[in-house]
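Note sheet for the following structure.
Every number in this text was worked out from the coordinates using simple rules, so none of it is lab data. What you are looking at is a predicted structure, and each value in this text was computed from that prediction instead of being measured. Here the Cβ positions follow ideal geometry from the backbone for every residue, glycine too, while neighbour counts run over all protein chains shown.
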Amino acid sequence: MSLPSLKILLTAPRGFCAGVVRAIDIVERALELYGAPVYVRHEIVHNKYVVDDLKSKGAIFVDELDEIPPGDHPVVFSAHGVPKSVPAEAQRRAMFQIDATCPLVTKVHMEALRHHEQGLELILIGHKNHPEVIGTMGQLPAGAITLIETAEDAELVPVRDPSKLAYVTQTTLSVDDTKDVIAVLQMRFPAIKGPLKEDICYATTNRQDAVKSIADKIELLIVVGAPNSSNSLRLVEVGEKSGCPRGLLVQRATDLDWSTLQGLSTIGLSAGASAPEILVNEIIDAFRGHYDVSVEKVVLREENVSFKLPRELRPAQPAL
């Protein structure tokens, strides 16, 4: 019996961004140089497949530093960034710490610090309890940053002095939703200062734009990513807001419910910035078991960003 035809529009850019590649490389390079175990505080990136792979190579993931026994094994901080109290505690305990914070998150930390030193009150646009938000708020003394999530929050947020105000944003937000929040802040507080360059990272923007470009051509958008991955969740939302009737976030092909995936003719496929390409291919292969699949690549733009490893992990330079 012949299978029904299905076209998969495969968006690009998708999947790993430069910050995620760097974070994973940091753990793997530390294992290579110093041997197992390498301890990692929190998930290095929000993806179970990646975390499990690193565990199999000798990484041990912990929630807090007090779970790590004394010794000289490396301790890696995740790509999302950490409050200042974490490296301070690691230093107090004489730990060999390696910071895998994405450089674009570090940029937000530096902006927040600069605004604070200029005597400005800080508003952070982001999602409560997300690790990146916890890390950013932890750069400054308690109470120095007010967190808001929505345009409605922006309408109501109280400030001490509208003439001494600045905002920063989480790097993995919906570009369109964030613009709405910023517009309200700028309307209420015309003197508010923003980032010199937008905080939402290039990879988040590119993946959202790629999804937007196919949203009105598909019946279903599948995003490969973790349920705690902010940028992956935003891709589903962006697809649905841009004309796609239904969006689906899945971690693996085993998450697909085939009873709800019948009668399709064209779907879109993307992946969050912490989802490896092997999982994208796994989804395509799973559809081949139910459909006669053709894959059309939709490349919005090319990405060629890369970030250097921390100095302590770079190859030694030969002596002149």
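For labels at Lys164 and Glu64 in the simple 7 Å Cα→Cβ model, what's the distance in nm? A separation of 3.5 nm, rounded to one decimal place. Rounded to the nearest 0.05, what FRET efficiency do Lys297 and Ser5 have when you use their Cβ-Cβ distance and R0 = 25 Å? With a Förster radius of 25 Å, E is 0.90.
Amide H contacts of Ile123: Thr146, Ala166, Tyr167, Val168, each under 5 Å away and 5 or more positions distant or on a separate chain (H built 1.01 Å from N in the peptide plane; Pro and chain starts excluded). Under the shape rule built on the C-alpha gyration tensor, where the axes satisfy a ≥ b ≥ c, segment 185-320 is oblate, since a/c reaches at least 1.5 while a/b does not exceed b/c. Near the amide H of Phe96, within less than 5 Å, lie the amide hydrogens of Val75, all on another chain or at least 5 residues away, with H placed in the peptide plane. Largest GNM mean-square fluctuation among Gln91, Gln139, Gln170, using the chain with Cα springs under 10 Å: Gln91.
Average projection, convex hull of the Cα set of the chain: 20.0 square nanometres. Taken over segment 104-188, the ratio of Cα radius of gyration to 2.2 N^0.38 Å equals 0.99.
Distance between the modelled labels on Met187 and Asp216, one decimal in nanometres: 2.5 nm (7 Å Cα→Cβ projection). Couplings 3J(HN,Hα) of segment 7-12, computed from phi: 9, 10, 8, 9, 7, 9 Hz, in residue order, whole Hz [Karplus 6.51 cos²θ - 1.76 cosθ + 1.60, θ = phi - 60°; x for Gly and Pro]. Each Lys or Arg adds one and each Asp or Glu subtracts one; over the other residues with Cβ under 10 Å from the Cβ of Ala166, this totals +1. In percent, rounded to a whole number, the relative contact order of the chain is 26, using alpha-carbon pairs under 8 Å and six or more apart.
Could you tell me the center-to-center distance, by alpha carbons, between segment 235-277 and segment 197-219 in angstrom? The distance from the Cα centre of segment 235-277 to that of segment 197-219 comes to 14 Å. Here the simple spin-label model places points 7 Å from the Cα toward Cβ, and for Asp176 and Leu309 these points are separated by 4.1 nm.
Note that segment 30-37 has calculated 3J(HN,Hα) couplings of 4, 4, 5, 7, 10, x, 7, x Hz, one per residue in order, obtained from phi through the Karplus relation 6.51 cos²θ - 1.76 cosθ + 1.60 (θ = phi - 60°); glycine and proline are x.
Taking the Cα atoms of segment 18-101, the ratio Rg/Rh between the radius of gyration and the Kirkwood radius comes to 0.92. Taking amide H as placed 1.01 Å from N in the peptide plane, the amide H of Ile60 sits under 5 Å from that of Val38, Tyr39, Val40, each at least 5 places away or on another chain.
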